[in-house]
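K.L.:
Mind looking over this structure? Questions follow.
The values are calculated or read from the model by the stated rules, or taken from the named source; none is laboratory data. Note that the structure is predicted; figures quoted are calculated from it, not measured. Here the Cβ is made from the backbone with ideal geometry for all residues, glycine too, and neighbour counts use every protein chain on show.
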Amino acid sequence: MKSSPSSLKRSVKNYFEEISSFDLFYQLTYMTATSTAGISRARTFQLARELPAAPAQYFRSIHEVAENLRYNYPDAVRLVGEQVKSPHTKTFLLRLSDALRSGEPLPAFLKREAQVQGENYQNDYLKSLESMKKWTDAYAAVAVSASLIVIINMVMTMIYSISPTLMAAMIFVSVASTFGVAWLIFRASPQETKFVQLERGSKMQQLSRRLFLILVPAMFVVCTLLAALGLDKGWLLILAGLFLAPLGYISGKADQITTAKDAEISSFLRSLGGNATSRGTTLKDALASMKRDSFPTLQPDIRMLDLRLKSFGKPELCWRTFGTETGSKIAEQAVGIFYEAINLGGDPERAGNLTSEFSMKTAMLRAQRIGIAATFSWLTIAMHVVMAGLMIFLIGILEQFGIKLEEAMASMGSSTEVLGTMGLQSMFSFSSSQVHFLYGLTVGLIILLSVINAFAIVASQGTHFVKMTFYLAILLVLSGICFLTVPSMVKWVM
């Protein structure tokens, strides 16, 4: 099978990319599981090169050097390893070369290295979590500071004339700084892929993708038409939030179910492997004899897998479809390793334990991330409501201040002459047009901050960006309620 030019370009690009600790952990877990099936060294490297993971590029090069240039495997591994950029991958390949040269059994070496890389992955993940936690704290401070910039800007207009350009520039700085910290949260947090592609995932994930393609364009069209007809800004924001609410609910529910499947797939594979080994049966028979009550979230997927296997479908296709339809990337990877190892003749219990440890470690680390992100999520929502309410309240104060100022100036005669006699020509040059301009800036700012806050929350959670609509719907509805209720409170106070 020949590679296309585009695939060759991707191979060259991936060859020099930094390999994450998780990618190497996944690769080594797969190689450990397949090597314990008693296959040859050449077969182990051949399977390793076909794995859909970044480190597979190196094993493809190793296999090609050994097969085409007639190098022995220790020399081929060292030749490739010396050219690798990633330090962890480079040192692993050099250790692998020494182990192969010394005659150490490959399964034992790979199992030990998989455990080491698992610990390395855990350490890297925890360090990223600490960094993410610091940036979430910084985000709260920057978001409040950005809102205060706008509030101070509004107060300044009450006593001094400020050009629209300067006001717009100050608001741009506040928005840019907030988005910058949100982007840093995204970059500092653990980089992981939690879901499979939505069009191939669970039914709920596929539904969320279809709703996204329908509701988001519909929201823009309807809200634009109603805004042209003069509908109040508060009702427009509430309507936009209600448009996104079904999509947000479905995507949030899909994320919750996927998280539960991440936790259950470990115990399922461990139980299934132990059951198959103790009974001395095939996976198909072991699955049919299992009680599924222990896996409530995975139960519909397990039932569908059982039905497909009983209908004499291809076992490999059935297991691959099972892993993909869970919607969880870690479940898809773990199921693929589990079935491949057993299909090669490996012991089901050993394969179940290996894949269980792989998926359990990942699920437990993600649970810690969810705990940190949950606190940040609701703090950000509360902070947004308070800041939006303050800005809208201040706009109402400015409007009332303008009315009172005009009345005072009318009673004193010409405002220009009065201020000129006091040497304050540039002060109190306040008009209703400025209030309308500030009101428009406030509306735009609140919408932009809603989008940025939703992005920051999703970035901290590491979930699919479609879930932004869940938090965006909440923020837009709450902002719209503020626009409808706060101005009446201002009139009541004044």
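K.L.:
Arg279: farther than 19 Å from Glu349 by Cα and free of Cβ contacts under 8 Å to residues at least 12 places away in the same chain, yes or no?
P.N.:
Details: farther than 19 Å from Glu349 by Cα: no; free of Cβ contacts under 8 Å to residues at least 12 places away in the same chain: yes.
The answer is no for Arg279.
K.L.:
Another one. If I go through region 338-386 residue by residue, how many of them are assigned to a loop (DSSP other than H, G, I, E, B) and of a type outside the set (Gly, Ala, Ser)?
P.N.:
Step one: of region 338-386, the residues assigned to a loop (DSSP other than H, G, I, E, B) are 344-347.
Narrowing further to those that are of a type outside the set (Gly, Ala, Ser): 344, 347.
Within region 338-386, residues that are assigned to a loop (DSSP other than H, G, I, E, B) and of a type outside the set (Gly, Ala, Ser) number 2.
K.L.:
Still on this structure, I have one more. Looking only at region 194-210, count every residue that is in contact with a Phe, Trp or Tyr (Cβ under 9 Å, 6 or more places away or on another chain) and not small (Gly, Ala, Ser) and tell me the total.
P.N.:
The total comes to 2.
K.L.:
Here's something else I'd like to know. What tally of residues in region 327-369 results from selecting those that are over 19 Å from Lys314 (Cβ atoms) and either of a type in the set (S, T, N, Q) or under 26 Å from the mean Cα position of the chain (by Cα) (or both)?
P.N.:
Going through region 327-369 one residue at a time, the tally reaches 23.
K.L.:
Right, something else. For region 164-201, enumerate the residues that are of a type in the set (S, T, N, Q) and either surrounded by fewer than 19 Cβ atoms within 10 Å (Cβ to Cβ) or more than 18 Å from the chain's Cα centre (by Cα) (or both).
P.N.:
Narrowing region 164-201 to residues of a type in the set (S, T, N, Q): 165, 174, 177-178, 189, 191, 193, 197.
Thr165, Ser174, Ser177, Thr178, Gln191, Thr193, Gln197, listed by residue number.
K.L.:
Of the residues Val477, Val458, Val443, Val451, which single one is modelled with pLDDT of 85 or more and surrounded by 22 or more Cβ atoms within 10 Å (Cβ to Cβ)? Step through it out loud before you land on a result.
P.N.:
Numbers: Val477 fails: surrounded by 22 or more Cβ atoms within 10 Å (Cβ to Cβ); Val443 fails: surrounded by 22 or more Cβ atoms within 10 Å (Cβ to Cβ); Val451 fails: surrounded by 22 or more Cβ atoms within 10 Å (Cβ to Cβ).
The conditions single out Val458.
K.L.:
Now for a different question. Go through Asp285, Asp232, Asp255, Asp262 for me and flag whichever is without any contact (Cβ under 8 Å) to a residue 40 or more places away in the chain and among the acidic types (Asp, Glu). Before the answer, list the steps.
P.N.:
Details: Asp232 fails: without any contact (Cβ under 8 Å) to a residue 40 or more places away in the chain; Asp255 fails: without any contact (Cβ under 8 Å) to a residue 40 or more places away in the chain; Asp262 fails: without any contact (Cβ under 8 Å) to a residue 40 or more places away in the chain.
Testing whether each residue is without any contact (Cβ under 8 Å) to a residue 40 or more places away in the chain and among the acidic types (Asp, Glu) leaves just Asp285.
Table: residues versus (1) hydroxyl-bearing (Ser, Thr, Tyr); (2) more than 26 Å from the chain's Cα centre (by Cα); (3) at pLDDT below 90.
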{"position": "Ala245", "(1), (2), (3)": "no, no, no"}
{"position": "Tyr249", "(1), (2), (3)": "yes, no, no"}
{"position": "Ala254", "(1), (2), (3)": "no, no, no"}
{"position": "Thr259", "(1), (2), (3)": "yes, no, no"}
{"position": "Ile265", "(1), (2), (3)": "no, no, no"}
{"position": "Gly273", "(1), (2), (3)": "no, yes, no"}
{"position": "Thr281", "(1), (2), (3)": "yes, yes, yes"}
{"position": "Ala288", "(1), (2), (3)": "no, yes, yes"}
{"position": "Met304", "(1), (2), (3)": "no, yes, no"}
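K.L.:
Can you find a residue in region 397-419 that is polar (S, T, N, Q), modelled with pLDDT of 90 or more and surrounded by fewer than 16 Cβ atoms within 10 Å (Cβ to Cβ)? Break it down into steps so the answer makes sense when it comes.
P.N.:
Keep residues of region 397-419 that are polar (S, T, N, Q), which gives 400, 411, 414-416.
Filter again for modelled with pLDDT of 90 or more, leaving none.
So far as region 397-419 goes, no, none of its residues is polar (S, T, N, Q), modelled with pLDDT of 90 or more and surrounded by fewer than 16 Cβ atoms within 10 Å (Cβ to Cβ).
K.L.:
Is it the case, given these coordinates, that Met204 is outside the structural domain of Val477 (by TED's automatic domain parsing) and either more than 22 Å from Phe358 (Cα to Cα) or modelled with pLDDT under 90 (or both)?
P.N.:
Numbers: outside the structural domain of Val477 (by TED's automatic domain parsing): no; either more than 22 Å from Phe358 (Cα to Cα) or modelled with pLDDT under 90 (or both): yes.
For Met204, the condition - outside the structural domain of Val477 (by TED's automatic domain parsing) and either more than 22 Å from Phe358 (Cα to Cα) or modelled with pLDDT under 90 (or both) - is not met.
K.L.:
With respect to Gly273, is the statement that it is in a helix (DSSP H, G or I) and in contact (Cβ under 8 Å) with a residue 60 or more places away in the chain true?
P.N.:
yes
K.L.:
Consider Leu28 against the criteria (1) without any contact (Cβ under 8 Å) to a residue 60 or more places away in the chain; (2) in contact with a Pro (Cβ under 9 Å, 6 or more places away or on another chain); (3) among the aliphatic types (A, V, I, L, M): it satisfies all of them except one. Which criterion is unmet?
P.N.:
(1)
K.L.:
Do any residues in region 198-215 that are more than 16 Å from Gly248 (Cβ to Cβ) have Cβ atoms under 6 Å from those of residues that are among the polar types (S, T, N, Q), where the two are at least six apart or on different chains, and which pairs are they?
P.N.:
Arg200/Thr324
K.L.:
Being surrounded by fewer than 16 Cβ atoms within 10 Å (Cβ to Cβ), within 23 Å of Glu399 (Cα to Cα) and either out of contact with any strand residue (DSSP E or B) (no Cβ under 7 Å at 6 or more places or on another chain) or not assigned by TED's automatic domain parsing to the domain that holds Ala373 (or both) is the requirement here; does Met156 meet it?
P.N.:
Values: surrounded by fewer than 16 Cβ atoms within 10 Å (Cβ to Cβ): yes; within 23 Å of Glu399 (Cα to Cα): yes; either out of contact with any strand residue (DSSP E or B) (no Cβ under 7 Å at 6 or more places or on another chain) or not assigned by TED's automatic domain parsing to the domain that holds Ala373 (or both): yes.
Considered against the rule, which asks whether it is surrounded by fewer than 16 Cβ atoms within 10 Å (Cβ to Cβ), within 23 Å of Glu399 (Cα to Cα) and either out of contact with any strand residue (DSSP E or B) (no Cβ under 7 Å at 6 or more places or on another chain) or not assigned by TED's automatic domain parsing to the domain that holds Ala373 (or both), Met156 comes out as yes.
K.L.:
Here are Arg187, Arg209: which of them is in a helix (DSSP H, G or I) and in contact with an Asp or Glu (Cβ under 9 Å, 6 or more places away or on another chain)? Even if it seems obvious, please write down each step before you answer.
P.N.:
Details: Arg187 fails: in contact with an Asp or Glu (Cβ under 9 Å, 6 or more places away or on another chain).
Exactly one of Arg187, Arg209 is in a helix (DSSP H, G or I) and in contact with an Asp or Glu (Cβ under 9 Å, 6 or more places away or on another chain), namely Arg209.
K.L.:
Name the single residue that is farthest from Ile39 (Cα to Cα) among those in region 344-385 being of a type in the set (Val, Ile, Thr) and surrounded by fewer than 22 Cβ atoms within 10 Å (Cβ to Cβ).
P.N.:
Within region 344-385, the first condition is being of a type in the set (Val, Ile, Thr), and the residues that meet it are 355, 362, 370, 372, 375, 380-381, 385.
Cutting the leftovers down to surrounded by fewer than 22 Cβ atoms within 10 Å (Cβ to Cβ) gives us 370, 372, 375, 381, 385.
Working: Ile370: 40, Ile372: 44, Thr375: 49, Ile381: 55, Val385: 61 Å.
Residue satisfying both the conditions and the ranking: Val385.
K.L.:
Let me ask something else. For region 103-132, give me each residue that is part of a helix (DSSP H, G or I), free of Cβ contacts under 8 Å to residues at least 60 places away in the same chain and under 17 Å from Thr44 (Cβ atoms).
P.N.:
Of everything in region 103-132, those that are part of a helix (DSSP H, G or I), free of Cβ contacts under 8 Å to residues at least 60 places away in the same chain and under 17 Å from Thr44 (Cβ atoms) turn out to be Ala108, Phe109, Arg112.
Results for (1) under 30 Å from Val443 (Cβ atoms); (2) in contact (Cβ under 8 Å) with a residue 40 or more places away in the chain, shown as yes or no for each residue.
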| site | (1), (2) |
| --- | --- |
| Ser86 | no, yes |
| Arg95 | no, no |
| Ala99 | no, no |
| Asp137 | yes, no |
| Ala143 | yes, yes |
| Ile149 | yes, no |
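K.L.:
Can you tell me which residue is modelled with the highest pLDDT among those in region 29-58 that are over 17 Å from Gly345 (Cβ atoms) and surrounded by 24 or more Cβ atoms within 10 Å (Cβ to Cβ)?
P.N.:
So, considering only residues that are over 17 Å from Gly345 (Cβ atoms) and surrounded by 24 or more Cβ atoms within 10 Å (Cβ to Cβ), the one modelled with the highest pLDDT is Thr29.
K.L.:
If you don't mind, there's one more thing I want to ask. What do you reckon, is Asp98 charged (D, E, K, R), at negative phi and either under 31 Å from the mean Cα position of the chain (by Cα) or not in a helix (DSSP H, G or I) (or both)?
P.N.:
Details: charged (D, E, K, R): yes; at negative phi: yes; either under 31 Å from the mean Cα position of the chain (by Cα) or not in a helix (DSSP H, G or I) (or both): no.
No; evaluated as a whole, the condition is false for this residue.
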